[in-house]
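Engineer: What follows is a structure written as structure tokens; I'll ask about it next.
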Amino acid sequence: MTSKGFIFDLDGVIVDTAKYHFMAWKRLAELLGIGFSNELIEQFKGVSRVRCLEILLLNSNYEFTSYEFEKWLVEKNKIYLELISRVDETVILPGVMNVMNFLRSESIPMAIGSASKNAKRILSQVGIDTFFDAIVDGNVVSEAKPDPEVFRIAAEQIRMDSKDCIVFEDSMAGIEAANRAGMTSIAIGKSNKLSKAHYRFNDFTEIQINFINQLIQKI
């Protein structure tokens, strides 16, 4: 069996907490009097909090100071933390544990590669933090997806070559980052915008263990 490593994005891949991010951004947008659309939600997927705020402010006529920018970042995170304060294992997306339990049974290294600065907290809250050999999040990286930094660091931390890593992602930015890192990308989601991934599934319930085995054994 060829050694492989698996890297998971968090929001929208493992857990259904992405909606809380969007709710928090929408509430902040309302406080600032900025319109919030589905198009913005697509642009926010997989990117950092700083970049999300930059995108949001591009849709406004605001002239703001660096102090105001930082204040709004803190306010958004405060709203988000309030929203997720009671989340539990019920937010784990269907089919995810089937894949993760199999990988753990085979002693395959797993890592998180997420833009979220709250990844460790969420993983602990839902009770799956011990599954991962490395958690690389927004507190660790300096470059946001589609820069491949987050995945390259994750590969280093699980001691795997990039070519031997498989990434699960739900965003265009994440898929591009995985591809740029030279990794196998698997898109999770129904959007046609994820077509640049090597494989795509609507959700984890469509992923068979035979498929995971083939990825592990592929040279």
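Engineer: Which parts of segment 173-191 would a label at I55 reach, counting a residue when its backbone N lies under 18 Å from a point 7 Å out along Cα-to-Cβ?
Structural biologist: 173-179, 187-191
Engineer: So which trypsin sites (Lys or Arg not before Pro) in segment 135-187 end up in coil per DSSP with only 13 or fewer other C-beta atoms within 10 Å?
Structural biologist: Counting only loop positions with at most 13 other Cβ atoms within 10 Å, the trypsin sites (Lys or Arg not before Pro) in segment 135-187 are R159.
Engineer: Same structure, new question: Quote the charge dipole size of the chain about the Cα centre in Debye, to the nearest 20; the model charges only the Cβ of Lys and Arg (+1) and of Asp and Glu (-1).
Structural biologist: 180 debye
Engineer: Starting from the 7 Å offset along Cα-to-Cβ, what nm value, one decimal, do you get for the label separation of L81 and E106?
Structural biologist: 3.9 nm
Engineer: For the chain, what are the DSSP H helices with axial Cα length of 20 Å or more and mean Kyte-Doolittle hydropathy of at least 1.0?
Structural biologist: Taking the DSSP H segments of the chain (at least 20 Å long, mean hydropathy at least 1.0), we get none.
Engineer: Helix-only estimate, please: 222 nm mean residue ellipticity of the chain, summing -39500 (n - 2.57) across DSSP H runs of length 4 or more and dividing by its residues, to the nearest 500.
Structural biologist: About -13000 deg cm²/dmol.
Engineer: Related question: Can you compute the modelled spin-label distance between N213 and Y62, with each label point 7 Å from Cα toward Cβ, in nm?
Structural biologist: Output for this residue pair reads 5.3 nm.
Engineer: If you count the DSSP beta bridges with both ends in the chain, what percent of them are antiparallel, to the nearest 5?
Structural biologist: 5 percent
Engineer: Could you give the size of the charge dipole of segment 39-103 about its Cα centre, using +1 on the Cβ of each K and R and -1 on the Cβ of each D and E, expressed in debye and rounded to the nearest 20?
Structural biologist: 140 debye
Engineer: Could I ask something else about it? Residue farthest toward the positive end of the dipole of segment 112-159, with Cβ of Lys/Arg at +1 and Asp/Glu at -1: which of S124, I135, G113?
Structural biologist: S124
Engineer: Dipole of the chain (Lys/Arg Cβ +1, Asp/Glu Cβ -1, origin at the Cα centre): which of G46, V150, I7 lies farthest to the positive side?
Structural biologist: I7
Engineer: So, one more: Given contacts defined as C-alpha pairs under 8 Å and at least six residues apart, what's the relative contact order of segment 98-196, whole-number percent?
Structural biologist: Contact order relative to length: 22 percent.
Engineer: Please state the shape class of segment 122-219: rounded when a/c is under 1.5, otherwise prolate if a/b exceeds b/c and oblate if not, all from the C-alpha gyration tensor.
Structural biologist: Cα axes put segment 122-219 in the rounded bin.
Engineer: Find the relative contact order for the chain and round it to a whole percent, using C-alpha pairs within less than 8 Å whose residues are 6+ positions apart.
Structural biologist: 27 percent
Engineer: Another one. If you keep only loop residues by DSSP, which GluC sites (Glu not before Pro) in segment 51-147 have at most 13 other Cβ atoms within 10 Å of their Cβ?
Structural biologist: Answer in residue order: E63, E106, E143.
Each reported figure results from applying straightforward, stated rules to the coordinates on display, with no laboratory input. Model, not experiment: these values are computed from the prediction. Quick reminder, even Gly has a Cβ in these numbers, built from the backbone with ideal geometry, and neighbours come from all protein chains shown.
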